[in-house]
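Read-outs: derived from the displayed coordinates by stated rules, not from any lab. None of the values given here were measured: they were computed from a predicted structure. Glycine also receives a Cβ, built like all others from the backbone with ideal geometry; neighbour counts cover every protein chain displayed.
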């Protein structure tokens with residue numbers, strides 16, 4: 001009987017402690033400041049697509065938050081359930097993958113290649129590259145869901161010898177008529193003194209499968225014949241660039257080829273110098289690889305990012321001077337340069353460039369001023385037309401509650417990044 005009373009007392013104490021902890025933790029949320037993204041200039045609809053990301057610091061604690069035109073939302077504290085691995089989905093929340101997760105949760109379960117998806121009006125496809133086959137071959141594991149009938153086809157297709165390649169992953173999946181193209185990025189391995197070492201070049205392969213029976217129709221090495229062009233000491237770095245919308249149909253992919261020079265320093269460190277980059281386009285329809293543009297990244301600083309949305313290629317770089325950024329647009333089908341523009345932070349109402357990215361024909365950026373170098377109240381979000389550089393929108397986060405001490409709250413707030421609401 002005493003043991004029962006003791007157990008009940010302990011249980012009651014634990015319940016009270018948990019309840020009080022929950023109350024004080026979540027009651028504190030009500031004391032957090034509410035923010036809102038407010039339009040300063042331009043079309044408010046452009047600003048409605050934005051999400052400012054930051055943190056609020058108070059009492060030795062920090063809470064992540066997002067700020068939109070609808071208000072602010074603070075990240076919930078992790079519970080035991082939140083920490084379970086299956087409660088944290090691996091997939092980036094892009095609009096197309098959100099739709100797949102909502103409409104086909106069972107089909108999506110257990111699939112871990114973020115670039116392994118394709119969807120059109122007829123079918124949903126997932127393809128993954130696996131080098132753990134019992135036959136010693138890298139295998140493409142493909143699932144095709146007919147969205148009208150609900151029927152699923154599964155294929156397992158052997159491709160390269162897994163002793164010759166390592167670290168394969170799916171870089172893109174596309175459909176051309178009755179054929180499925182699976183773009184695989186992997187590293188060639190070399191054997192010296194019977195020791196297998198992953199020191200070979202990275203390679204990109206397009207494997208073409210018959211959608212009816214999964215048979216391998218052809219294979220195309222997109223990196224065949226590529227060599228460093230900046231001297232005997234230069235090394236080659238290769239990377240594929242696929243359609244920016246993760247599951248969207250696209251005729252093209254890009255191959256980014258960079259010449260680098262590696263200098264060995266003390267304490268097993270390296271200095272890597274970028275000597276120049278070339279972009280090649282690859283057409284899934286024709287199987288042709290073409291040089292799109294060569295350029296030297298050092299001409300505009302060290303920052304460099306390339307994106308592909310539809311037929312538009314954007315090459316974004318740091319500007320030649322601090323507080324600037326530049327970008328170039330190309331038509332991937334024709335190779336024609338469509339824009340070559342530079343913008344300063346001052347033009348957008350700031351002194352320093354924070355986040356910058358290009359998507360869907362827009363340039364999105366977060367700039368800071370001298371009073372808010374870490375992204376405080378002086379930070380300005382801006383949207384520009386990528387083709388013309390015209391500023392379409394500028395907006396700032398404001399404290400929504402007028403009774404708050406603005407200076408005090410902004411001393412605790414940082415806004416350090418920017419994303420699209422549908423892709424955050």
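Within a 10 angstrom radius of the beta carbon, how do 357, 325 rank from fewest other beta carbons to most? The partial results should precede the final answer.
Details: 357 18, 325 21.
By the 10 Å Cβ count, ascending: 357, 325.
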query = By its C-alpha gyration tensor, with a ≥ b ≥ c as the square roots of the eigenvalues, how is region 224-266 shaped: rounded for a/c under 1.5, else prolate for a/b larger than b/c, else oblate?
reply = oblate
query = For 170, 277, what's the fewest-to-most ordering of other Cβ within 10 Å of each Cβ?
reply = 277, 170
task = Please work out the C-alpha center-to-center distance from region 201-276 to region 159-191 and express it in whole Å.
result = 12 Å
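Could you rank the peptides 230-238, 63-71 by their average count of other C-beta atoms within 10 Å per residue, with the highest value first? It would help to have the intermediate numbers written out before the result.
Working: 230-238: 13.7, 63-71: 17.6.
Ranking, from highest mean packing down: 63-71, 230-238.
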ask   = Ranked from highest to lowest mean number of other Cβ atoms within 10 Å per residue, what is the order of the peptides 342-351, 101-110?
value = 342-351, 101-110
inquiry  = Quick check on the exposure proxy: order 281, 215 from fewest to most C-beta atoms within 10 angstrom.
reply    = 215, 281
